[in-house]
Amino acid sequence: MTVYGPLSRNVADAALFLDATADGGPDGGYLAALGAPFRPLRIAISLAPPPGSLTKLGAEQRGAIDATAAALRELGHEVFDQEIDYPVAAFVSTVARYLRSVTDDVATLPHPERLEQRTTNMAKLGGLISDRRLAQARAAEPGVAAQINTIFESADVVLMPGTAAAPFKIGQLQGRGALWTLNAAAARVPWYGVWNAIGQPASSVPAGFDSNGLPLSVQFGAAPGDELNLLRIAAQLEQARPWAQARPPIDGLAQ
């Protein structure tokens, strides 16, 4: 894909990472700006997945959106429903980038014969995407971003689901083919890939736990260069419903 970012247990660490690695941040840095007052934001809720997804949003994942929206309203933000206008080219770009990246990565490995057959077959799928087709997909990305960004004419930030369902159980996909696995995995996380492909600010924020004690999340997206608002919202939610102290049980793991 195109963009890397921090994985942190708290918002301050994510802000500090950007201060150390990113250009063009706010005066004084992201970490310092977290404590500054800011106006209430217009936050659009968009639930529809990008084109090409076989996604059905689970009830508990929808509940995470509703709970987050309620918390944001209590914090003074204006929250409303408005769907992102995803173009079909968003699907083409994301799939082309992903599959071709598998092919290119496998080509650099010293022992590709050690890969499981499913990964090898995924690389073969990516090999069907020529340099010319990949270049065409990437050339369309500015237009994809422009169409997605029309939502920021009426919103400052977009709230989307993080995952569509709970994680797969260990071994649940064992024995499945490359294409089946790709479709199944993509259906669980369809909202992330497009934002990464167009290289725009996005964040995944904890949103409680499901009935099995597994973490829930939501995703926020913002206009180009607006990482600060994403950090501010995450910091407010972190203070309103702290998550850093939550740890998975470890009893019996040593056995």
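Limited to the range 115-141, what total is found for residues that are surrounded by fewer than 17 Cβ atoms within 10 Å (Cβ to Cβ) and either within 19 Å of the chain's Cα centre (by Cα) or charged (D, E, K, R) (or both)?
Looking only at that region, the number is 6.
When only residues in the range 168-182 that are surrounded by 14 or more Cβ atoms within 10 Å (Cβ to Cβ) and within 22 Å of Leu57 (Cβ to Cβ) count, which is nearest to the chain's Cα centre (by Cα)?
Selected residue: Leu182.
Which condition breaks for Ile198 when tested against (1) exposed (fewer than 13 other Cβ atoms within 10 Å of the Cβ); (2) under 25 Å from Phe91 (Cα atoms)?
(1)
From the list Gly208, Gly193, Gly221, which residue is in contact (Cβ under 8 Å) with a residue 40 or more places away in the chain, outside any loop (DSSP other than H, G, I, E, B) and surrounded by fewer than 17 Cβ atoms within 10 Å (Cβ to Cβ)?
Gly208
Of the conditions (1) modelled with pLDDT of 95 or more; (2) within 16 Å of Leu231 (Cα to Cα); (3) over 20 Å from the mean Cα position of the chain (by Cα), Ala70 satisfies every one except a single condition; which number is it?
Unmet condition: (2).
Take Ala165 and tell me if it is touching a helix residue (DSSP H, G or I) at 6+ places or on another chain (Cβ under 6 Å), part of a loop (DSSP other than H, G, I, E, B) and either modelled with pLDDT under 95 or surrounded by fewer than 21 Cβ atoms within 10 Å (Cβ to Cβ) (or both).
Yes: the conditions hold for Ala165.
Which of the residues spanning the range 152-162 are surrounded by 14 or more Cβ atoms within 10 Å (Cβ to Cβ) and part of a loop (DSSP other than H, G, I, E, B)?
Ala155, Asp156, Gly162
The values are calculated or read from the model by the stated rules, or taken from the named source; none is laboratory data. Being a predicted model, the structure only gives us computed values, none of them experimental. In this analysis, Cβ positions are derived from the backbone assuming ideal geometry, glycine residues included, and neighbour counts consider all displayed protein chains.
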